Every structure is written in structure tokens, then in C-alpha cells.
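Participant: Quick one: the structure is below, and I'll ask about it shortly.
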Amino acid sequence: FKGALLALLMPLILLGGMLGGIFTATEAAAVAAAYALVVTLFVLKSLRMNQLSDIFIATAVQSGAILLLVGAAVTFGWL
């Protein structure tokens, strides 16, 4: 339980923030991502700062591929 405590706080942050009216679902996702980044970088130290640029580039490439697929699907749906 002690090892999983930080990970178990994330659903509490998400649901507590949304149900408490503190933030919307989109804002909750951003807060959860920021929380995960802080925990990974500074508490667990399983990720180094110089690895972040590679991670962000890979994320951008994957997001671009998904957006291309969605754009093609919308185009074919319109046709």
C-alpha cells in the first residue's frame, strides 16, 4: 500500500476535483498529467529531465498520426 499511495491519489484528485466543482473534466486531465509528471520526476526519480524532450516529440508524432486518421475519416464521411 505504501508503494502505491502516490498512484492511488490520482483518482482522488480527478474525481474529487470534478465532483467538488473545482475543475472540469479537461482541466482534471491536465492536473492529473501534471501530478504524474511531478511525482515521476521529483518523487520517484524514474525519469530524468533530458528524457522529456524525446517523450514530448514521440507524443506529438503519435497525436499527429491520429489526427491524420481522423481527418481522413471525416473527409470520407463527407463524401
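The values are calculated or read from the model by the stated rules, or taken from the named source; none is laboratory data. The structure displayed is predicted, hence computed values, not measured ones. With ideal geometry, Cβ positions are generated from the backbone for all residues, glycine too; neighbour counts draw on all protein chains shown. Remember, those area values only see protein heavy atoms, side chains included, never the ligands or the DNA or RNA. Shrake-Rupley method; radii C 1.70, N 1.55, O 1.52, S 1.80 Å.
Participant: I'd like to know if the range 46-54 contains one or more residues that are more than 16 Å from the chain's Cα centre (by Cα) and of a type outside the set (S, T, N, Q). Outline the logic, then answer.
Facilitator: Of the range 46-54, the ones more than 16 Å from the chain's Cα centre (by Cα) are 46, 48-51.
From what is left, the residues that are of a type outside the set (S, T, N, Q) are 48-49.
For the range 46-54, residues more than 16 Å from the chain's Cα centre (by Cα) and of a type outside the set (S, T, N, Q): present.
Participant: Of the conditions (1) closer than 27 Å to K2 by Cβ; (2) open to solvent by 80 Å² or more (accessible area, probe 1.4 Å), N50 fails just one. Which one is it?
Facilitator: Looking at each condition in turn, N50 falls short on (1).
Participant: Just a yes or no: is a residue in the range 17-24 surrounded by 11 or more Cβ atoms within 10 Å (Cβ to Cβ), part of a helix (DSSP H, G or I) and of a type in the set (S, T, Y)?
Facilitator: Going residue by residue through the range 17-24, those that are surrounded by 11 or more Cβ atoms within 10 Å (Cβ to Cβ) are 17-18, 22-24.
This time we only want the ones that are part of a helix (DSSP H, G or I), so: 17-18.
Next cut, of a type in the set (S, T, Y) only: none.
Looking for residues that are surrounded by 11 or more Cβ atoms within 10 Å (Cβ to Cβ), part of a helix (DSSP H, G or I) and of a type in the set (S, T, Y), one finds none in the range 17-24, hence no.
Participant: Report yes if L41 is out of contact with any strand residue (DSSP E or B) (no Cβ under 9 Å at 6 or more places or on another chain) and open to solvent by 80 Å² or more (accessible area, probe 1.4 Å), otherwise no.
Facilitator: Values: out of contact with any strand residue (DSSP E or B) (no Cβ under 9 Å at 6 or more places or on another chain): yes; open to solvent by 80 Å² or more (accessible area, probe 1.4 Å): no.
No.
Participant: If Y35 satisfies all but one of (1) touching a Leu at 6+ places or on another chain (Cβ under 8 Å); (2) aromatic (F, W, Y); (3) open to solvent by 60 Å² or more (accessible area, probe 1.4 Å), what's the number of the condition it fails?
Facilitator: Exception for Y35: condition (3).
Participant: Follow-up. Return the pair list, or none, for Cβ contacts closer than 6 Å from residues in the range 25-36 that are over 12 Å from A7 (Cα atoms) to residues that are aliphatic (A, V, I, L, M) and open to solvent by less than 60 Å² (accessible area, probe 1.4 Å), at least 6 apart or on different chains.
Facilitator: A28/L14
Participant: If we scan the range 56-76, do we find a residue that is in contact (Cβ under 8 Å) with a residue 24 or more places away in the chain, open to solvent by 60 Å² or more (accessible area, probe 1.4 Å) and either in contact with a Phe, Trp or Tyr (Cβ under 8 Å, 6 or more places away or on another chain) or not β-branched (V, I, T) (or both)? It would help to see each step written out before you state the result.
Facilitator: As a first pass, look at the range 56-76 and keep what is in contact (Cβ under 8 Å) with a residue 24 or more places away in the chain: none.
Taking every residue of the range 56-76 in turn, none turns out to be in contact (Cβ under 8 Å) with a residue 24 or more places away in the chain, open to solvent by 60 Å² or more (accessible area, probe 1.4 Å) and either in contact with a Phe, Trp or Tyr (Cβ under 8 Å, 6 or more places away or on another chain) or not β-branched (V, I, T) (or both).
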